[in-house]
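Reading through the C-alpha cells given below for one structure.
Read-outs throughout are calculated quantities, based only on the coordinates presented, and are distinct from any laboratory measurement. Keep in mind that this is a model prediction, so the values were computed, not measured. Methodologically, a virtual Cβ is constructed for each residue, glycine included, from the backbone with ideal geometry; neighbour enumeration extends over all protein chains shown.
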Amino acid sequence: MIRRMSSRVPVYLFFILISAIVLFPVLISVFTAFKTGPELMKSSPLALPESWQFGNLITAFKTGNMLVGFRNTAVLVVVSVILNTVLGSMTSYILNRFDFRVKKLIMAMFMVAMVIPFYTTEVSRFQIIKSLGLYDTIFAPLLIYAGTDLLQIFIFLQFIEKISSQLDESAMIDGASYLTIYRKIIFPLLLPASATLAIIKAVDIMNDMYIPYLYMPSKELHTLSTALMTFVGQRSSDFGQLSAAIVIVLIPTIVIYLLLQKYIFAGIAEGAVKG
Amino acid sequence: MNYNLQKKLVIFGFLFIPVGLLMLFLLYPTLKLFQFSLTDWNGISESFSYVGLKNYVMAFRTEGVWDALSNNLLYFIMHLVFIPIEIMVAVLLNQKLRASHFFRSIVFMPYILNGVAVAYIFSYLYNPINGPLNALLGAAGLEGLIQSWLSDPNVVNYSLVAVSLWRFSGFHVILFLAGLQSVPQDLYEAATIDGANGWHKFRFITVPGIRRVIEIVLFLNVRGALQVFDIPFLMTQGGPGTSSSTFTVYTIQAAFKYNNYGLASSLAVMLMLMIIAFSMVQSKLLGGKGDE
C-alpha cells in the first residue's frame, strides 16, 4: 500500500507543476490588478499586493466601457446561440428524414465550407457585409455566428438517427404536420445534444475577437473582447489598470466554466469520439 | 394538407435560411476571393482591372510571405512535438488519481479563457522592464535566460508559440482523455491475464483505441498552425519587421492596412489550397499506416 502511494508521488508533482504553469500567468495578473501605481514601481511583480486595492478595477470598469461590452456580448451570445441551434436542428431534420434532388449538393456545400479559412475570408466578406448595409451593426456578427456547420449537423444527425421514425409516422396518423413533428418530437429530443453544443458555441462567441473588431468598430457596439482591445490600446503602459481590465474580462468565462464544466467536457467528448 | 406538397414546403422552408446564410457569408465570399485575386483592386475605388496571375507571382516573390509561412511552421512543429506529452498527461489523468477532476479542470482552463485577455496577460508577462517572467528567472537564479521576449527578432516567434502551447495543449489533452475513456476496460484486463506489460498495453490497446482522436488532433493542428492569427495580431502585429508575422496576419494586413485586396485575396486562395493539400496528404499518410 505504501509502495503504491509513493509511486504516485512523481505523478502528483508533475500535475502540480502543470497547475503552476497554467495558474502563474493568471494569478500574476490578478495580483497586479490589485496593486497601486507606486507599489508596481517598487515591488517585485511576483509579490502579493501589500493591501488589496480595488481602484484599478473600478477605473477599468468605468472607463473601459465594460458594461457596454458585457451587454453586447450577452446579446450576441444568447441570440446567435438560439438561432444557430434552431437552424442547425432544422437542417439536420430535413437531411435525415427526407430524400430530395439537391440533398447531395447541399451536403457538399457544407463540406466545402469546412476548408474555408477562418480569417482571410473576411477580405471579401467585408465587402458583402458593407454592400448589405450591415457594417457597424450587431446584425453582421449575429448572421455570421447564426449559420450552421458540418460538425453541428453531424452531431445532430447521430441523435436524430436514434429517434425512431415510427414516432413521426404515428404522429402523421394523428394528422400532425411535418412542422409539428419537428416542433413536438424532434426538437425536444435533440435538446440534450443542443445544450452541450450551445455551451461550446457560446464560449467560442464570447472569446471571438476579430469579427466584432472588424464589423462593429463603434464604441456602443463593443464586446468584452473589443472593449479590452480598445482599453489596452489607450493605456498600454499602466499595468495595474491593464491587468484589472483583463481580470474583468476573464470573470464571465471563468464563472461559466466553473458552473458548466460537466457539459463542456461532455460536449467535447461527443465531438471527438463520435463526431 | 397533403404530405407531398407539405414535404416540398418543409424542405424549402427549413433549408432556405441555413443554406442562404451558408451561400451568402461563406461560399459567395470565397468565389469573390478567386475573382479579386486576379485584379488590382484597392478595396475602395469603384473600378479595377484584371491583371491575370500577377498577384500570385508577386506573393511567391515577396520575402515577407515566406517569413510568415516559416513562422507558421514553428507553430506546427512545436504543437506536433507536444502531442506525445499531451497523450501522456491524458493517460495519467485517466488513472484513478485523487483530485484528477481538479487537475482536469486546471489543464483545460486556458482554452476557455478569453483569447484577447490571454494575449495581453502574456504581453505583460514578457515585459522587459520589471516583467514577471524575467523576475521569475531572476528569482530562480537563471538570469542568463532573461530575454527581450517580444522585441528580439530571433526570440519573438518562440515566445508567441509558447503562448499558443499554453492555450491549446489542454484542449488536446481533453480530446485524448475522451478517446481513452471510450476504450473498453476489459481489453486491458484480458491483456493483463495474457501477461502483457504496461508498454504493450499502451502500444497495442491505447494507441489504436485513440487513433481517431489522434487523427482529429493532427487535422486540427494543420488547420490551426496554418491559420494562427489572434496571438501575433494582438501581441506584436507580426513585428518586429515580419519576425513574428504569420500567413494570416500578413494577409489581413495586406488587405486592411495596405489596401492591397488583390494580393490579399490571392494569399487567401493559396491558404485554402494549402489547407486542402495538407489535410489530404495527412489523411493519405495516416490511411496508409492503418490496418485496413
Legend entry - Theoretical ellipticity at 222 nm over chain A - DSSP helices of four or more residues, -39500 (n - 2.57) apiece, nearest 500: -24000 deg cm²/dmol
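Remind me, what semi-axes does the protein assembly as shown give for its equivalent ellipsoid, largest first in whole Å, using sqrt of 5 times each Cα gyration tensor eigenvalue?
38, 33, 25
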Inset, instruction - Mind jotting down the distance between the C-alpha centroids of region A:149-228 and region B:10-66, whole Å? - result: 28 Å
Legend entry - Length-normalised contact order for region A:63-274 - Cα pairs under 8 Å, 6+ apart - percent: 36 percent
Inset, instruction - Take each complete run of DSSP H in chain A, measure how far its Cα atoms stretch along the helix's own axis, and keep only those covering 24 Å or more with mean Kyte-Doolittle hydropathy at least 0.5; list them. - result: A:2-33, A:66-97, A:187-207, A:239-269
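Using the per-residue mean of other Cβ atoms lying within 10 Å as a proxy for protection, in what order, highest first, do the peptides A:36-46, B:114-124, B:14-24, A:129-139 fall?
Descending mean neighbour count gives B:114-124, B:14-24, A:129-139, A:36-46.
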Legend entry - Rg/Rh for region A:63-274, where both radii come from Cα atoms and Rh is the Kirkwood radius: 1.04
Inset, instruction - Between A:Leu190, A:Leu242, A:Leu105, find the one with the highest GNM mean-square fluctuation for chain A; connect C-alpha pairs within less than 10 Å. - result: A:Leu105
Legend entry - Per-residue average of Cβ from other chains inside 10 Å of B:276-283: 1
Inset, instruction - Sort out for me the Cα centre separation of region A:15-59 from region B:230-270, rounded to whole Å. - result: 33 Å
Inset, instruction - Please find, in a Gaussian network model of chain B (springs between Cα atoms separated by less than 10 Å), the residue of B:Leu263, B:Leu26, B:Leu113 whose mean-square fluctuation is greatest. - result: B:Leu26
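Is there a simple number for the mean count of other chain Cβ atoms within 10 Å of the Cβ of residues in B:26-35, and what is it?
5
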Inset, instruction - Jot down the radius of gyration and Dmax of region B:52-287, Cα atoms only, both in angstrom. - result: 21.0, 68
Inset, instruction - Express the relative contact order of region A:110-208 as a whole percentage, based on alpha carbon pairs under 8 Å and six or more residues apart in sequence. - result: 29 percent
Legend entry - Rg to Rh, two decimals, where region A:13-90 supplies the alpha carbon set and Rh follows Kirkwood: 1.21
Legend entry - Fraction in percent of alpha-carbon pairs per bin - 10 Å, region A:1-53: 23, 31, 21, 16, 9, 1
Legend entry - Over 25 Å between alpha carbons, listed pairs A:Lys219/A:Lys262; B:Lys32/B:Lys54; A:Lys103/A:Lys130; A:Lys162/A:Lys262: A:Lys219/A:Lys262; A:Lys103/A:Lys130
Legend entry - Under 15 Å, Cβ to Cβ, from B:Gly13 - net charge with Lys/Arg +1 and Asp/Glu -1: +4
Legend entry - Only Lys, Arg (+1) and Asp, Glu (-1) charged, at Cβ; the protein assembly as shown dipole about Cα centre in debye: 700 debye
Inset, instruction - Once you have a ≥ b ≥ c as the square roots of the Cα gyration tensor eigenvalues for region B:1-123, tell me rounded if a/c is under 1.5, and otherwise prolate or oblate according to whether a/b is larger than b/c. - result: oblate
Inset, instruction - In whole angstrom, note down how far apart the Cα centers of region B:80-94 and region B:185-208 are. - result: 18 Å
Inset, instruction - Taking only Cα atoms and a 10 Å spring cutoff, compute GNM fluctuations for chain B and point out the largest among B:Gln181, B:Gln237, B:Gln227. - result: B:Gln181
Inset, instruction - For peptide A:44-54, compute the average count of partner chain beta-carbon atoms within 10 Å of each residue's beta-carbon. - result: 2
Legend entry - Dimensionless Rg ratio for region B:232-274, taking C-alpha atoms and the 2.2 N^0.38 Å reference: 1.12
Inset, instruction - Would you mind ranking B:Trp149, B:Trp199, B:Trp166 so that the residue whose beta carbon has the fewest other beta carbons within 10 Å leads the list? - result: B:Trp199, B:Trp166, B:Trp149
Legend entry - Pair B:Leu9, A:Ser237: separation of 7 Å Cα→Cβ label points (nm): 6.9 nm
Inset, instruction - At a Cα cut-off below 19 Å, give the lysines reachable from A:Lys35, other chains included and same-chain residues fewer than 8 away excluded. - result: A:Lys62
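I'm checking a number: the convex hull volume of the Cα atoms of region B:155-226, normalised per residue, in Å³. What is it?
Hull volume normalised by residue count: 93 Å³.
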Legend entry - For region A:97-190, fraction of C-alpha pairs farther apart than 18 Å, in %: 63 percent
Inset, instruction - Give the long-range amide H neighbours of B:Thr39: residues separated by 5 or more places, or on another chain, with amide H under 5 Å away, using H modelled in the peptide plane at 1.01 Å from N. - result: B:Val51
